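Note sheet for the following structure.
The values are calculated or read from the model by the stated rules, or taken from the named source; none is laboratory data. Bear in mind the structure is a predicted one, so any value in this text is a computation, not a measurement. Using ideal geometry, Cβ is built from the backbone for each residue, glycine included, and neighbour counts are taken over all protein chains shown.
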Amino acid sequence: MAAATVADLSRPVQRPNPWLSICTIALALMAGGCGPSLSDTKEVTLKTASSYPFGVACDDDGNVWIAQANANMIEEQSPSDGSINDRPIPTDDSGVRGIAFSYDSSSQRVWFTESAANRIGTISQAGPIVEYPLPHADSEPFAISGDGFNGVWFTELRGNRIGHITNSGVITEYNIPTPDSYPNAIDGSRGDLWFTEGRGNRVGMMSHNRIVEIALPHPNSRPSAIAAQYWGTTPTAWFAEESGRIGRVDVNGHFTEYDVPGKPDAIGTGPGLTLWYADGAERTITGVSASFEASDQPQDFSVTRPFQVAASGEIANVATCKDDLWATNPQSNSLIHAKIFVTQSL
């Protein structure tokens, strides 16, 4: 499929922010400083040994769903009552990786990628797990995201494609123009589709049923994760660059990069106009806050200190759900939970 490649890398003009953000002494003492903070951090070992938890997501009811690759199952945890429900995947050694949700009437449907089995799986409230083989062999589906409606988007690492599947099982695929781009992250949950190309050194988006790619200004930036911005009027996404930057791009091609501590390789949006990114190897999670002017351009971009959330292993993925943050640690076979605290401005 033909697609145009655009690259508008001009930095937006940074104007002085007329609103002065001031943290009160009391709030600063509570949170350990101004800006977003994490508290009550806990790391819990999962009950199935060596399960290799990878993808993590939470539904609208606050239940946490974990894709466990070695255990070949999907685990649902309910923080409200402590219950755990395991759902084995029918195909052996499926290589389950990402997990996400679509909407099905008045409820949500769980979806997940099976990288080794070349399938997309789903769990509905009405029945057991259903698996859909992909049209092309060895596509290696990896990342997955809800589309905000009745389907999900997913990436194909080897197939070099972006796919979409509806609740009824209809699959549509789109070829990525850049060869061997390695699409390793995706977010379509706000209705606009965004994805990263780890080898292509690009960020991609869908526009009028065609893929548009935006080349990053620095070589070997290694974009690895992406999250759609839920505030503002201009469709926008934030993404992590393992080279040590956080990037922001909107549908008009406006692009900004920020140098940050560590090597970001997972990212999510949180309450109070915040971002949270993980440095997997260092087992840290760092908060980012910014005020925004009427044009939706960020002002006063500020980064907190990194929060150490695990003693060993490596963080694979993060999910933010209201004021809860969840992360998986495959090597330690554990799930990390922390509360997000955002100080208020006067």
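Here are the numbers for this structure:
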read-out: Extreme residue, modelled with the lowest pLDDT, among residues of the stretch 260-295 that are surrounded by fewer than 18 Cβ atoms within 10 Å (Cβ to Cβ) and either under 17 Å from the mean Cα position of the chain (by Cα) or among the aromatic types (Phe, Trp, Tyr) (or both); value: PHE292
read-out: Tally of residues being at pLDDT 95 or above, farther than 19 Å from ARG158 by Cβ and within 23 Å of the chain's Cα centre (by Cα) across the stretch 124-142; value: 0
read-out: Filter result (under 22 Å from ASP250 (Cα atoms) and either modelled with pLDDT under 95 or buried (at least 23 other Cβ atoms within 10 Å of the Cβ) (or both)) within the stretch 163-180; value: GLY163, ILE176
read-out: Members of the stretch 256-293 that are over 24 Å from LEU216 (Cα atoms) and among the basic types (Lys, Arg); value: ARG283
read-out: Qualifying strands (runs of 3 or more DSSP E) (wholly inside the stretch 33-97; at least 2 residues being closer than 24 Å to LEU275 by Cα and either modelled with pLDDT under 95 or of a type in the set (Ser, Thr, Tyr) (or both)); value: 36-45
read-out: Leading residue by the ranking (nearest to the chain's Cα centre (by Cα)) among those in the stretch 222-259 that are within 20 Å of PHE142 (Cα to Cα) and of a type outside the set (A, V, I, L, M, F, W, C); value: SER224
read-out: Flag if PRO298 is modelled with pLDDT under 95, farther than 25 Å from ALA57 by Cβ and out of contact with any Pro (no Cβ under 7 Å at 6 or more places or on another chain); value: yes
read-out: Filtered residues of the stretch 307-323 (kept if surrounded by 13 or more Cβ atoms within 10 Å (Cβ to Cβ) and either in a strand (DSSP E or B) or modelled with pLDDT of 95 or more (or both)); value: PHE307, VAL309, ALA310, GLY313, GLU314, ILE315, ALA316, ASN317, VAL318, ALA319, THR320, CYS321
read-out: Members of the stretch 69-126 found to be under 18 Å from ALA316 (Cα atoms) and aromatic (Phe, Trp, Tyr), listed by number; value: PHE112
read-out: Unique match (being touching a residue at least 40 places away in the same chain (Cβ under 8 Å) and either basic (Lys, Arg) or surrounded by fewer than 23 Cβ atoms within 10 Å (Cβ to Cβ) (or both)) among ARG199, ARG190; value: ARG190
